[in-house]
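In what follows, a structure is listed as structure tokens, so that the remarks can point back to it.
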Amino acid sequence: MLKMTGSQSFHVDFASPADWAAMYRRAGLQVVPCHMPQEGASWKRPMLADWKTLQDELVPDAVFGRWYGQGGEHTRRPNMGLITGRASGNIFVIDLDTYAKPEAEQWWDRVIALNNFGGEPETWEQRTGGGGIQKFFRAPPDWTPPTNKTSIGVDIRGQGGFAVIPPSIHS
């Protein structure tokens, strides 16, 4: 069980999708519903047609409530994602596709050796459904993290990026 601020607590094993969304919201993250896995289709994306308009600030409480509040449109939908950048307090994600590209892990090891004396930073991370690792960081307020992909399996999800987050189901 994770103890949240105030009297609220969160239990991973018993939390509903709406509980997960509310936990992310309390942390100031722009959580939005995303597609469920579909054979042969691009599903790791928001299911909102206008999601790009949500990149700069958190949606109003009324909108969030319509999605994840009591009786909301997406309260039972496990798949959700995080819009990275300004809308989520300048959070960005380093996505290391280590399962497919050994160069990604080698790159990360070099970055850590050069910049952190070989020690892993304390940050939120998750294993992706495909076997990679995503590490979440908060950028300084005066820097806008970019969103880009590399040929070595290292992707950055910065301003306007998107990452699927728990409790989402992967194919």
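The table that follows gives values for the structure above.
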| read-out | value |
| --- | --- |
| Count of residues meeting criterion [out of contact with any Ser or Thr (no Cβ under 6 Å at 6 or more places or on another chain) and in a loop (DSSP other than H, G, I, E, B)] in the stretch 146-159 | 6 |
| Number of positions in the stretch 108-122 that are within 21 Å of the chain's Cα centre (by Cα) and not in a loop (DSSP other than H, G, I, E, B) | 1 |
| Residue tally, condition open to solvent by 30 Å² or more (accessible area, probe 1.4 Å) and outside any loop (DSSP other than H, G, I, E, B), over the stretch 66-77 | 1 |
| Unique match (being among the aromatic types (Phe, Trp, Tyr) and closer than 23 Å to residue 35 by Cβ) among 136, 117 | 136 |
| Set 81, 69: member being in contact (Cβ under 8 Å) with a residue 40 or more places away in the chain and more than 18 Å from residue 169 (Cα to Cα) | 69 |
| Among residues of the stretch 39-63, those that are open to solvent by 90 Å² or more (accessible area, probe 1.4 Å), under 14 Å from residue 84 (Cα atoms) and in a helix (DSSP H, G or I), counted | 2 |
| Criterion: at pLDDT 95 or above, open to solvent by 40 Å² or more (accessible area, probe 1.4 Å), of a type outside the set (A, V, I, L, M) and closer than 22 Å to residue 44 by Cβ - qualifying residue of 86, 127 | 86 |
| Which numbered condition residue 105 fails, given (1) outside any strand (DSSP E or B); (2) open to solvent by 30 Å² or more (accessible area, probe 1.4 Å); (3) out of contact with any Leu (no Cβ under 9 Å at 6 or more places or on another chain) | (3) |
| Identity of the residue in the stretch 98-156, among the charged types (D, E, K, R) and in contact (Cβ under 8 Å) with a residue 40 or more places away in the chain, that ends up nearest to residue 88 (Cα to Cα) | 138 |
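One line per residue, one yes/no per condition, for (1) in contact with a strand residue (DSSP E or B) (Cβ under 7 Å, 6 or more places away or on another chain); (2) of a type in the set (S, T, N, Q); (3) closer than 13 Å to residue 136 by Cβ:
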residue: 67; (1), (2), (3): yes, no, no
residue: 71; (1), (2), (3): no, no, no
residue: 75; (1), (2), (3): no, yes, no
residue: 87; (1), (2), (3): yes, no, no
residue: 90; (1), (2), (3): yes, yes, yes
residue: 95; (1), (2), (3): yes, no, yes
residue: 100; (1), (2), (3): no, no, no
residue: 110; (1), (2), (3): no, no, no
residue: 113; (1), (2), (3): no, no, no
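The values are calculated or read from the model by the stated rules, or taken from the named source; none is laboratory data. Note that the coordinates shown come from a computational prediction; the quantities given were computed from them, not determined experimentally. A quick note on method: Cβ atoms are made from the backbone with ideal geometry, for glycine too, and the neighbour counts reach across all protein chains shown. Side chains included, ligands, DNA and RNA excluded: accessible areas come from the protein's heavy atoms. Shrake-Rupley method; radii C 1.70, N 1.55, O 1.52, S 1.80 Å.
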